[in-house]
1. Looking at segment 163-173, which of its residues are closer than 18 Å to residue 219 by Cα and not small (Gly, Ala, Ser)?
2. Go through 82, 70 for me and flag whichever is farther than 22 Å from residue 191 by Cα, in contact (Cβ under 8 Å) with a residue 24 or more places away in the chain and under 16 Å from the mean Cα position of the chain (by Cα).
3. Residue pairs, Cβ under 6 Å, 6 or more apart or interchain, first in segment 253-273 and under 16 Å from residue 242 (Cβ atoms) and at pLDDT below 95, second among the aromatic types (Phe, Trp, Tyr) and away from the ligand (no atom under 15 Å from the Cβ). List them.
4. Of the conditions (1) surrounded by fewer than 18 Cβ atoms within 10 Å (Cβ to Cβ); (2) without any contact (Cβ under 8 Å) to a residue 60 or more places away in the chain; (3) within 16 Å of the chain's Cα centre (by Cα); (4) part of a helix (DSSP H, G or I), residue 139 fails just one. Which one is it?
5. If you go through segment 104-130 one residue at a time, how many are closer than 17 Å to residue 71 by Cβ and surrounded by fewer than 17 Cβ atoms within 10 Å (Cβ to Cβ)?
6. Quick one: which residue in 131, 157 is in contact with a Leu (Cβ under 9 Å, 6 or more places away or on another chain) and not assigned by TED's automatic domain parsing to the domain that holds residue 220?
7. Identify the single condition in (1) in a helix (DSSP H, G or I); (2) within 15 Å of the ligand (Cβ to nearest atom); (3) among the small types (Gly, Ala, Ser) that residue 213 does not satisfy, given that it satisfies every other one.
Amino acid sequence: MPELPEVETVVRNLRTKIIGARIEEVELNMAKVVSTPDPETFARLVRSCEIRGINRRGKYILVSFSDDLVLVVHLRMTGQFVFSATAQPNPKHTHLVLHLSNGYLRFTDMRQFGRFWLVPASELNTVSGLKDLGVEPLTTAFKMNDFCDLLGRRRQKIKALLLDQRTIAGMGNIYTDEALFRSKIHPERLAVEVSVKEARALYRAVREVLNDGIAFGGTSVRDYVDAEGNEGRFQDMLRVYGKKGQSCPRCGETIRRIKAAGRGTYFCPRCQK
Ligand SMILES: [Zn+2]
């Protein structure tokens, strides 16, 4: 599933391509990908809108239109949002195409969990999950002391806490495992039992892995591609995620995979305490 670095990469790609473009036609091949409004209203409202901006909040993409409308997109498991300047045949699983004045913006999604919402800017809070999002970890609003205090209050496994979008927005399975590895914390530790020193290391690791992920254009372990259809490169930089049975790059111990917070979780049993 695309996490913060992948969604940020898509947003940065698109920002250079679609701002100022006008939507000329809407091709909706699978009605259920639009959560709200109904398909006819969606097509009618979107047609002739101009794209004014594009931003990210957690794992959501927010495309600002003229008429004070916002198109909210969540890629979920396998959604891809790809721009092409020229007409091309739709790839398999293309559910929505926005025909722009300067190209085509396609949404493809094999698993069909990705969703669109078109809402007035003043009603963004009605989009499922958006209003409950926690702090953006790469902004100045994410403070080390707040993070340490939070961990000290929660009797929750640290992995589950990091995955909870209401706590920190945008973390997913890959970057969580990588951050816990870098800070040498076992994924099943209770947050409250993580020391202040470890919490500080984890805080730094969270920001570091997310920034590294963005710097390398995201992680393509399955379906993720950026808005130009290219794979990311951070999968080559992963230290534990997906490395079951391989040697820990820090201590040489064999990396294990367990279920933690309901997710396949990779860690080093020797150097993550
Ligand atoms: Zn190790």
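1. At the first step, the residues of segment 163-173 found to be closer than 18 Å to residue 219 by Cα are 163, 169-173.
Matches in segment 163-173: 163, 171, 173.
2. 82
3. Cβ pairs passing all conditions: none.
4. (4)
5. Filtering segment 104-130 for residues closer than 17 Å to residue 71 by Cβ gives 104-109, 114-130.
Now restrict to residues that are surrounded by fewer than 17 Cβ atoms within 10 Å (Cβ to Cβ): 120-126, 128-129.
The number of residues fulfilling the criteria is 9.
6. 131
7. The failed condition is (2).
Matching residues to (1) in contact with a Lys or Arg (Cβ under 7 Å, 6 or more places away or on another chain); (2) surrounded by 18 or more Cβ atoms within 10 Å (Cβ to Cβ); (3) at positive phi; (4) not assigned by TED's automatic domain parsing to the domain that holds residue 83:
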{"residue": "203", "(1), (2), (3), (4)": "no, yes, no, yes"}
{"residue": "216", "(1), (2), (3), (4)": "yes, no, no, yes"}
{"residue": "225", "(1), (2), (3), (4)": "no, yes, no, yes"}
{"residue": "238", "(1), (2), (3), (4)": "no, yes, no, yes"}
{"residue": "242", "(1), (2), (3), (4)": "no, no, yes, yes"}
{"residue": "247", "(1), (2), (3), (4)": "no, no, no, yes"}
{"residue": "251", "(1), (2), (3), (4)": "yes, no, no, yes"}
{"residue": "258", "(1), (2), (3), (4)": "no, no, no, yes"}
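The values are calculated or read from the model by the stated rules, or taken from the named source; none is laboratory data. These numbers come from a predicted model, not from an experiment. Every residue, glycine as well, gets a Cβ built from its backbone with ideal geometry; the counts of neighbours run over all protein chains shown.
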